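Colleague: Just dropping this structure here.
The values are calculated or read from the model by the stated rules, or taken from the named source; none is laboratory data. Only a predicted model underlies this, so the values are computations on that prediction, with no experimental measurement involved. Note: ideal-geometry Cβ built from the backbone for every residue, glycine included; neighbour counts use all protein chains shown.
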Protein chains: 2
Amino acid sequence: MSDIIAAVAAAGAEWSAAEPQRRGRALVAVADALTGAADELVPLAMSETGLSEARLRGELKRTTVQLKLFADVAVAGAFLDVRLDAADPDFVLGPRPDLRRYLVPLGPVLNFAASNFPFAFSVAGGDTASALAAGCPVLVKAHPGHPRLSDRTASIVRAALAESGMPADALGLIHGQDEGVSALRDERIAAASFTGSLRAGRALFDIAAARPRPIPFYGELGSINPVVVTAAALAERADRIATGFAASVTGSAGQLCTKPGLLFLPAGAGFPTTAFGDAGPHRLLHPGIVEGYARRRDEVLGTKGIHVLREGAVDGDVAAPTLVETDLATFDEHRDTLADEAFGPLSIIVRYDPAAALAPVLADLVEGSLTAGLHIGTGEDSPWLREVIGVLSDRAGRLLFDGWPTGVAVTPAMQHGGPWPATTNPTTTSVGTAAIGRFLRPVTFQDCPPTLLPPPLRDDNPWGVPQTRSAAGESARWGRLS
Amino acid sequence: MSDIIAAVAAAGAEWSAAEPQRRGRALVAVADALTGAADELVPLAMSETGLSEARLRGELKRTTVQLKLFADVAVAGAFLDVRLDAADPDFVLGPRPDLRRYLVPLGPVLNFAASNFPFAFSVAGGDTASALAAGCPVLVKAHPGHPRLSDRTASIVRAALAESGMPADALGLIHGQDEGVSALRDERIAAASFTGSLRAGRALFDIAAARPRPIPFYGELGSINPVVVTAAALAERADRIATGFAASVTGSAGQLCTKPGLLFLPAGAGFPTTAFGDAGPHRLLHPGIVEGYARRRDEVLGTKGIHVLREGAVDGDVAAPTLVETDLATFDEHRDTLADEAFGPLSIIVRYDPAAALAPVLADLVEGSLTAGLHIGTGEDSPWLREVIGVLSDRAGRLLFDGWPTGVAVTPAMQHGGPWPATTNPTTTSVGTAAIGRFLRPVTFQDCPPTLLPPPLRDDNPWGVPQTRSAAGESARWGRLS
């Protein structure tokens with residue numbers, strides 16, 4: 001395995017030094033190659049994961065669109081955050097030198113692939129795309145849930161890189177938990193990304209932090225994704241909310257990190273759960289998830305005070321949706337059992353008293369989450385609601401109104417992250433163009449002769465990237481707020 | 001102490017919600033109050049630290065200018081990184097909702113003050129200014145080297161906050177190592193910053209990472225700050241280089257994290273070291289630094305193969321500069337002793353063969369550093385030089401040409417950070433306007449009714465902050481690189 005890391009690290013020099021146009025073209029070539037191999041890859045993914053063809057074709061498209069988006073991001077160059085401070089003899093603290101700052105690639109990135117998105121969070125998924133766009137070579141640790149798909153994907157990516165004149169070793173692939181841990185401890189690895197369970201993510205985070213030379217570890221872990229429905233919303237459109245909720249919980253058998261795991265409903269109001277009956281049993285991704293889901297389902301169903309609305313069996317590796325209901329007091333009493341993520345088709349309805357304050361209760365009960373949802377009445381506004389919004393936006397990376405968190409758009413303003421335990425690092429995202437920022441570090445050139453400057457820092461700006469300039473004399477005005 | 005954390009956390013709600021203009025005016029008021037108290041604070045700092053009046057008056061000015069700069073940063077709002085994606089029915093992956101993303105304060109920040117900058121890296125220093133500007137309340141753990149100055153500074157800051165109509169508890173102060181560790185473990189603390197030694201920083205980093213809920217820990221640790229002088233530069237201006245080097249090593253008795261600790265000189269060329277004789281003995285900051293410096297000095301002086309150019313004594317808490325010289329082979333042989341930072345007035349000259357490649361040697365010998373320096377001849381350029389630049393910019397946060405790293409301008413393009421062991425997080429800076437990014441996390445509002453949006457995300461943009469917009473229809477063009 002050390003040979004693979006050496007090859008990836010060596011390829012990094014050429015990959016990181018390449019002009020953005022070359023890196024961008026290579027990413028587009030990778031996307032096109034994956035699209036061209038869809039009829040081979042999708043059936044392979046179906047057989048290894050049990051996910052549906054429609055879901056997997058959509059996911060592959062998302063993956064290739066994501067690669068193309070990051071090609072654009074690499075070429076546009078805003079991610080370099082170029083800052084040029086003119087030399088300033090009149091600087092308020094004494095003469096200021098010429099300072100030119102931009103972001104450079106961190107170095108080889110180790111990407112632990114996820115099981116539940118065999119394309120979009122795996123070999124050629126978002127972490128890989130954003131790291132490559134940043135200029136970092138990537139070593140992927142394959143998920144054991146789809147090893148053959150991982151091998152084929154890596155082969156296609158590597159061939160496409162080579163065909164576009166770039167080093168195939170800008171992407172490497174390893175298999176096995178021990179190999180992943182060894183790589184995480186390897187001095188040549190400069191950062192790591194991970195999507196998976198809280199337990200595995202915590203263990204890897206601890207290893208990364210305990211290294212002689214600690215490295216950034218970007219883990220996306222568990223998330224309960226609470227959704228609050230107000231009395232006004234339920235009065236307006238209970239059926240629509242119930243249908244959307246059922247689809248969001250049961251799609252892909254609930255094996256999505258943004259699945260709504262808690263639904264807060266006003267006490268006493270009707271809420272049709274028949275839509276849950278439409279979702280049939282669905283194969284789970286792999287034995288680890290079957291075991292974990294069955295255990296969590298049993299814990300929830302065995303909790304005193306829980307009212308079972310629909311009990312879906314786990315039969316072999318196939319599960320049907322389960323829905324339970326309780327009240328705030330019971331949930332609070334058994335929070336250690338109920339507030340943990342159940343990765344699979346299970347959700348918990350919690351009834352609250354709409355005449356009492358909900359925000360303090362949420363502040364106490366809800367941990368960090370990737371998303372939080374709110375369904376409110378048309379034009380609804382109140383201090384009660386604003387307090388709930390305050391707590392939910394304090395706990396989550398994305399706050400949705402009148403929508404469901406599953407289905408994450410890949411766009412500039414997307415945020416896929418959140419406070420612990422949703423992630424190991426709340427300051428970043430793993431989806432959307434801002435994800436590139438995880439794999440960069442700043443370097444400033446001071447009084448560098450123009451001919452020796454890196455291209456993005458030059459006044460003639462050969463790459464045409466955005467440059468933010470601070471003129472001489474500005475410091476005299478600092479603190480004179482207009 | 002728990003009461004102080006509770007007060008700081010409670011003040012955070014008001015501080016973070018305040019309009020930028022209010023936060024900015026409060027920061028300016030703090031700066032003005034500190035400036036007004038200079039005649040009280042500077043003598044107090046002199047008595048506690050042994051630093052000179054001129055140095056401390058300059059540092060206080062830097063501190064107040066920094067507060068005013070961050071007031072401007074808070075008001076200008078670019079740090080919010082507002083991204084507005086229009087809802088897009090034709091989005092390439094299916095209809096895209098309205099997505100609005102910005103950065104929000106992380107929460108209460110624990111700031112471990114440094115000893116060597118009793119103003120600029122202490123109670124009202126850069127970490128405090130950037131965290132307050134971000135909207136985070138700050139709990140400062142005072143450095144034991146200047147406890148009375150810390151108390152007075154905190155009192156002045158708190159009074160100025162209150163007088164500008166903001167909560168005084170947006171800044172709190174604690175003393176003592178145990179109290180600092182307890183605060184670092186406290187659930188209410190959302191991030192921590194630190195400037196100090198590798199040993200203490202590593203210990204605190206480990207505590208932050210081992211919390212049940214880990215938090216970002218931004219530690220600025222040790223740094224050797226290598227400087228390379230080419231044969232051409234030395235031929236042109238040996239005297240000027242020698243004078244600058246001596247001033248940079250001996251200023252503030254070398255107790256600066258950017259002190260050049262290694263000077264790579266071409267073998268055989270003359271290099272006058274008489275300027276070192278001009279620097280007299282200087283009191284060191286506190287007993288811990290005296291002990292550590294004396295030990296490191298003894299280790300260096302006791303290393304076989306070292307040629308002592310100037311042996312400066314350590315007498316009580318007073319030290320005179322020490323300069324030694326060796327060759328690459330000897331340095332390599334004793335790298336465990338010689339390559340560690342010596343925090344005080346000591347530097348090591350390493351002679352290299354100008355006819356041989358230097359870059360691979362540097363790549364092997366030089367660890368992560370806050371800065372690296374290069375002195376080159378006028379118009380000098382060669383593959384040899386470009387390789388050296390490549391290695392140094394790979395190892396450092398700031399690469400200086402024909403200058404000395406001590407004296408760090410507080411400006412947008414400054415970078416004060418670098419790969420381990422210079423810092424615990426290479427993706428950030430602790431000086432310059434970008435330092436604000438350490439204390440923020442992204443939140444996206446999806447399909448939020450306009451009246452419920454936070455001000456920076458509204459289309460009418462009441463705070464007048466920069467907003468980056470992605471229009472509908474753009475996704476069809478992704479990957480079509482021009």
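Colleague: Condition first: surrounded by 13 or more Cβ atoms within 10 Å (Cβ to Cβ) and not in a loop (DSSP other than H, G, I, E, B). Now tell me which residues in the stretch A:36-55 satisfy that.
Modeller: Once the filter is applied, which keeps residues that are surrounded by 13 or more Cβ atoms within 10 Å (Cβ to Cβ) and not in a loop (DSSP other than H, G, I, E, B), the stretch A:36-55 yields A:Gly36, A:Ala38, A:Leu41, A:Val42, A:Pro43, A:Leu44, A:Ala45, A:Met46, A:Glu48, A:Thr49, A:Arg55.
Matching residues to (1) at positive phi; (2) among the charged types (D, E, K, R):
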residue	(1), (2)
B:Gly77	yes, no
B:Arg96	no, yes
B:Gly126	no, no
B:Ala129	no, no
B:Ala142	no, no
B:Leu173	no, no
B:Gln177	no, no
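Colleague: Please work out if A:Ala33 is within 12 Å of chain B (Cβ to nearest Cβ), outside any loop (DSSP other than H, G, I, E, B), over 29 Å from A:Ala200 (Cα atoms) and of a type outside the set (Val, Ile, Thr).
Modeller: On the way: within 12 Å of chain B (Cβ to nearest Cβ): no; outside any loop (DSSP other than H, G, I, E, B): yes; over 29 Å from A:Ala200 (Cα atoms): yes; of a type outside the set (Val, Ile, Thr): yes.
The answer is no for A:Ala33.
Colleague: When you scan the stretch A:450-466, do you find a residue that is closer than 22 Å to B:Ala471 by Cα, among the β-branched types (Val, Ile, Thr) and surrounded by fewer than 24 Cβ atoms within 10 Å (Cβ to Cβ), even just one?
Modeller: Of all residues in the stretch A:450-466, those closer than 22 Å to B:Ala471 by Cα come to A:464-466.
From what is left, the residues that are among the β-branched types (Val, Ile, Thr) are A:465.
Remaining after also requiring surrounded by fewer than 24 Cβ atoms within 10 Å (Cβ to Cβ): A:465.
The answer is yes, given that some residue of the stretch A:450-466 is closer than 22 Å to B:Ala471 by Cα, among the β-branched types (Val, Ile, Thr) and surrounded by fewer than 24 Cβ atoms within 10 Å (Cβ to Cβ).
Colleague: Yes or no: A:Ser193 in the same structural domain as A:Arg57 (by TED's automatic domain parsing), at pLDDT 95 or above and under 30 Å from A:Gly77 (Cα atoms)?
Modeller: It is true that A:Ser193 is in the same structural domain as A:Arg57 (by TED's automatic domain parsing), at pLDDT 95 or above and under 30 Å from A:Gly77 (Cα atoms).
Colleague: Cβ-Cβ distance below 6 Å, separation of 6 or more or different chains: which pairs start in the stretch B:307-324 with a residue that is more than 14 Å from B:Asp278 (Cβ to Cβ) and end on one that is part of a strand (DSSP E or B) and not β-branched (Val, Ile, Thr)?
Modeller: Close Cβ pairs (under 6 Å, with a partner that is part of a strand (DSSP E or B) and not β-branched (Val, Ile, Thr)) amount to B:His307/B:Glu325; B:Leu309/B:Leu323; B:Leu309/B:Glu325; B:Asp317/B:Arg283; B:Val318/B:Arg283; B:Thr322/B:Leu346.
Colleague: Something else: Determine if the stretch A:241-250 includes at least one residue that is surrounded by fewer than 15 Cβ atoms within 10 Å (Cβ to Cβ) and either farther than 24 Å from A:Val388 by Cβ or over 26 Å from the mean Cα position of the chain (by Cα) (or both).
Modeller: No; the residues of the stretch A:241-250 include none that is surrounded by fewer than 15 Cβ atoms within 10 Å (Cβ to Cβ) and either farther than 24 Å from A:Val388 by Cβ or over 26 Å from the mean Cα position of the chain (by Cα) (or both).
Colleague: Then there's this: Return the pair list, or none, for Cβ contacts closer than 8 Å from residues in the stretch B:38-63 that are without any contact (Cβ under 8 Å) to a residue 60 or more places away in the chain to residues that are basic (Lys, Arg), at least 6 apart or on different chains.
Modeller: If the second residue must be basic (Lys, Arg), the pairs left are B:Ala38/B:Arg57; B:Val42/B:Arg57.
Colleague: If I filter the stretch B:393-410 down to residues being modelled with pLDDT under 95 and more than 21 Å from B:Arg240 (Cα to Cα), which single residue comes out as surrounded by the fewest Cβ atoms within 10 Å (Cβ to Cβ)?
Modeller: For the stretch B:393-410, the residue satisfying everything is B:Ala409.
Colleague: From B:Ala162, B:Ala134, B:Ala87, B:Ala154, grab the single residue that is surrounded by fewer than 24 Cβ atoms within 10 Å (Cβ to Cβ) and in contact with a helix residue (DSSP H, G or I) (Cβ under 7 Å, 6 or more places away or on another chain).
Modeller: B:Ala162
Colleague: Hey, another quick one. Listed residues B:Gly473, B:Gly397; which is farther than 21 Å from B:Arg101 by Cβ and small (Gly, Ala, Ser)?
Modeller: Only one candidate passes the filter, namely B:Gly397.
Colleague: Would it be correct to say that B:Leu362 is within 23 Å of A:Phe445 (Cβ to Cβ) and more than 27 Å from the chain's Cα centre (by Cα)?
Modeller: No, not satisfied.
Colleague: Residue by residue through the stretch B:57-91, note down the ones that are at the interface with chain A (Cβ under 7 Å from one of its Cβ atoms), over 19 Å from A:Ala476 (Cβ atoms) and among the aliphatic types (A, V, I, L, M).
Modeller: Correct list: B:Leu84 only.
Colleague: Right, next: Could you please tell me which pairs satisfy a Cβ distance under 7 Å, a separation of 6+ or placement on different chains, a first residue in the stretch A:145-156 that is within 11 Å of A:Met46 (Cα to Cα), and a second residue that is surrounded by fewer than 24 Cβ atoms within 10 Å (Cβ to Cβ)?
Modeller: A:His146/A:Glu48; A:Leu149/A:Leu41; A:Leu149/A:Leu44; A:Leu149/A:Glu48
Colleague: Would you tally the residues in the stretch A:425-471 being out of contact with any strand residue (DSSP E or B) (no Cβ under 8 Å at 6 or more places or on another chain), of a type in the set (Val, Ile, Thr) and outside the structural domain of A:Asp206 (by TED's automatic domain parsing)?
Modeller: 1
Colleague: Any residue in the stretch A:170-183 that is of a type outside the set (A, V, I, L, M), buried (at least 20 other Cβ atoms within 10 Å of the Cβ) and farther than 25 Å from A:Asp206 by Cβ? I'd like the intermediate steps shown before the answer.
Modeller: Of the stretch A:170-183, the ones of a type outside the set (A, V, I, L, M) are A:172, A:175-180, A:182.
Imposing the further condition that a residue be buried (at least 20 other Cβ atoms within 10 Å of the Cβ) reduces the set to A:172, A:180.
Those left that are additionally farther than 25 Å from A:Asp206 by Cβ: none.
No: zero hits.
Colleague: Scan the stretch A:422-437 residue by residue and report those that are at the interface with another protein chain (Cβ under 10 Å from one of its Cβ atoms) and part of a helix (DSSP H, G or I).
Modeller: A:Thr433, A:Ala434, A:Gly437
Colleague: If a residue has to be touching a residue at least 60 places away in the same chain (Cβ under 8 Å), assigned to a loop (DSSP other than H, G, I, E, B) and polar (S, T, N, Q) to count, how many in the stretch B:83-126 make the cut?
Modeller: 2
Colleague: For the stretch B:456-478, check the following and say yes or no: at least one residue is more than 27 Å from the chain's Cα centre (by Cα), at the interface with chain A (Cβ under 7 Å from one of its Cβ atoms) and in a loop (DSSP other than H, G, I, E, B).
Modeller: Checked the stretch B:456-478: at least one residue is more than 27 Å from the chain's Cα centre (by Cα), at the interface with chain A (Cβ under 7 Å from one of its Cβ atoms) and in a loop (DSSP other than H, G, I, E, B).
Colleague: Follow-up. Filtering the stretch B:13-27 down to residues that are buried (at least 22 other Cβ atoms within 10 Å of the Cβ) and at pLDDT 95 or above, which residue is nearest to the chain's Cα centre (by Cα)?
Modeller: B:Leu27
Colleague: Is at least one residue of the stretch A:381-392 small (Gly, Ala, Ser) and surrounded by 18 or more Cβ atoms within 10 Å (Cβ to Cβ)?
Modeller: First, the residues of the stretch A:381-392 that are small (Gly, Ala, Ser): A:382, A:390.
Now restrict to residues that are surrounded by 18 or more Cβ atoms within 10 Å (Cβ to Cβ): none.
Looking for residues that are small (Gly, Ala, Ser) and surrounded by 18 or more Cβ atoms within 10 Å (Cβ to Cβ), one finds none in the stretch A:381-392, hence no.
Colleague: Quick one: B:Thr451 ticks every box in (1) touching a residue at least 60 places away in the same chain (Cβ under 8 Å); (2) more than 20 Å from B:Gly219 (Cα to Cα); (3) at the interface with chain A (Cβ under 7 Å from one of its Cβ atoms); (4) not in a loop (DSSP other than H, G, I, E, B) bar one, so which box is it?
Modeller: (1)
Colleague: Considering only the stretch B:373-391, state which residues are closer than 27 Å to A:Leu440 by Cα and at the interface with chain A (Cβ under 10 Å from one of its Cβ atoms).
Modeller: Hits for the stretch B:373-391 are B:Gly373, B:Leu374, B:Leu385, B:Arg386, B:Ile389, B:Gly390.
Colleague: Continuing with this model, one more query. Looking only at the stretch B:259-285, count how many residues are surrounded by 19 or more Cβ atoms within 10 Å (Cβ to Cβ) and either outside the structural domain of B:Gly344 (by TED's automatic domain parsing) or over 21 Å from B:Arg237 (Cβ atoms) (or both).
Modeller: Number satisfying all stated conditions: 5.
Colleague: In addition: When the residues of the stretch A:92-123 are narrowed to those that are out of contact with any strand residue (DSSP E or B) (no Cβ under 7 Å at 6 or more places or on another chain) and more than 14 Å from chain B (Cβ to nearest Cβ), which ends up nearest to B:Gly432 (Cα to Cα)?
Modeller: A:Ser122
Colleague: Of B:Ala154, B:Ala160, which residue is among the small types (Gly, Ala, Ser) and either closer than 16 Å to B:Ile4 by Cβ or not in a helix (DSSP H, G or I) (or both)?
Modeller: B:Ala154
Colleague: Identify, please: which residue in the stretch A:209-234 is assigned to a helix (DSSP H, G or I) and at the interface with another protein chain (Cβ under 9 Å from one of its Cβ atoms) and is, among those, surrounded by the fewest Cβ atoms within 10 Å (Cβ to Cβ)?
Modeller: Filtering the stretch A:209-234 for residues that are assigned to a helix (DSSP H, G or I) and at the interface with another protein chain (Cβ under 9 Å from one of its Cβ atoms), the one surrounded by the fewest Cβ atoms within 10 Å (Cβ to Cβ) comes out as A:Ala210.
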